[in-house]
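The values are calculated or read from the model by the stated rules, or taken from the named source; none is laboratory data. Just so it is clear, the model here is predicted, and its values are computed rather than measured. So basically every Cβ, Gly included, is an ideal-geometry build from the backbone, and we count neighbours across all protein chains shown. The protein model used for the area step is the full one, side chains on, heavy atoms only, and it has no ligands, DNA or RNA in it. Shrake-Rupley method; radii C 1.70, N 1.55, O 1.52, S 1.80 Å.
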Amino acid sequence: MSIRATNQADVIPLRPLPTAASPAIPATPELPGLPREPLWRDLVGEVLRRERQAQGRTLKEVSEAARISMAYLSEVERGRKEASSEVLAAAAQALGLSLADVLALAGERLVSLTAVRARSRAGAGSLGAAGGHRSVRTAGPARRGGPAGPMGGVLLAA
């Protein structure tokens with residue numbers, strides 16, 4: 001056996017490859033066809049990108065306002081980097097949001113994806129339609145220009 005063969009190792013990807021049915025949330029290996037639990041960094045990045053694009057702003061504009069490198073902000077938006085709370089707060093502020101707004105929006109997205117997962121599980125004959133979770137309705141985060149967050153109240157699963 002050559003030294004080259006002994007130094008080779010299997011590569012295990014940290015992120016599963018997207019499926020054709022759901023590119024953002026791959027299927028779980030245990031239950032093929034069921035979407036995988038989303039990563040928090042993906043959800044937060046999705047919120048930041050969606051808000052930036054809704055304002056018609058470029059990565060460069062927001063990164064300069066937040067004093068974050070454009071490359072790093074891009075990686076955060078794509079869910080490639082787990083940003084610190086300081087970085088998230090700076091990006092949120094550059095977008096005219098509070099950190100609470102960004103986290104509430106990411107939480108809303110998590111709840112909606114979790115509901116899809118619970119429905120898929122129920123269809124697969126697993127837990128019940130509620131997936132064993134109860135829902136709680138709370139008021140949205142405080143925001144400039146109104147008492148509720150950018151998308152109103154937040155639905156949280158407990």
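Summary of values
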quantity: Test result for Arg117, open to solvent by 20 Å² or more (accessible area, probe 1.4 Å), of a type outside the set (Ser, Thr, Tyr) and closer than 16 Å to Arg49 by Cα; calculated: no
quantity: Selection from the range 63-78 of residues that are in contact with a Gly (Cβ under 9 Å, 6 or more places away or on another chain) and assigned to a helix (DSSP H, G or I); calculated: Glu75, Val76, Glu77
quantity: Neighbours by Cβ (under 7 Å, 6+ apart or cross-chain): first from the range 89-109, basic (Lys, Arg); second open to solvent by 40 Å² or more (accessible area, probe 1.4 Å) and in a helix (DSSP H, G or I); calculated: Arg109/Glu46
quantity: Residues within the range 49-89 that are among the hydrophobic types (A, V, I, L, M, F, W, C) and open to solvent by less than 30 Å² (accessible area, probe 1.4 Å), tallied; calculated: 7
